[in-house]
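Structure first, then comments.
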Amino acid sequence: MEQKEELGLSVKKSEDFNEWYNQVVLKADMIDYSLVSGCIVIKPNSYAIWEKIQRIFDDKIKKSGHKNCYFPMFIPESLLKKEAEHVEGFNPEVAWVTKVGDTELNEKLA
């Protein structure tokens, strides 16, 4: 039996926002799923939107007299544990980096 491609949305935004949003961004060809669980591919149209948001935000930051900065991509486990002490129910779902090449790290990084 031939499968039909479903073009419309199968859920209402008011009934299941999460599923509705997933369907919108997939069917609008804004994202695709990666082979890595929990990761997505941001496609060109979505990336163009992201770049526009960045430009607008960057202008606002600079007009307010502030400067941009970048922070490290990785967070030591000890800092994540500190956050758990301050926020009730804090339970990070992260990927852990435990090695660099063949060398074990002294502390896991998220």
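Given labels modelled 7 Å from the Cα in the Cβ direction, how far is it in nm from K99 to H86?
3.4
Only Cα pairs under 8 Å and at least 6 apart count here; give the relative contact order of segment 12-110 as a rounded whole percent.
15
Which value in deg cm²/dmol, rounded to the nearest 500, describes the helix-derived mean residue ellipticity at 222 nm for the chain, given -39,500 (n - 2.57) per DSSP H run of n ≥ 4 and division by the residue count?
Only helices count here, giving -12000 deg cm²/dmol.
Take E51 and C69, extend 7 Å from each Cα along the Cα→Cβ direction, and tell me the distance between the two endpoints in nm.
2.8
To the nearest Å, what is the center-to-center distance of segment 57-110 and segment 16-33, using C-alpha atoms only?
So the two Cα centres are separated by 27 Å.
What is the distance, in nm, between label points placed 7 Å from the Cα along the Cα-to-Cβ direction at L26 and at D58?
3.3
Given the options A84, A48, A28, state which has the largest fluctuation in a GNM of the chain using a 10 Å cut-off (strictly under) for Cα springs.
Judging by the Gaussian network model, the answer is A84.
Measure nothing but the geometry: give the 0 to 90° angle between the long axis through the Cα atoms of 44-63 and the longest principal axis through the Cα atoms of the chain, rounded to 10°.
The two axes meet at around 50 degrees.
None of the figures in this text is laboratory data; all of them are computed from the coordinates on show. Remember, it's a predicted structure, so these values are computed and weren't measured experimentally. When we count neighbours, we look across all protein chains shown, and the Cβ atoms used for this are built from the backbone with ideal geometry, even at glycine.
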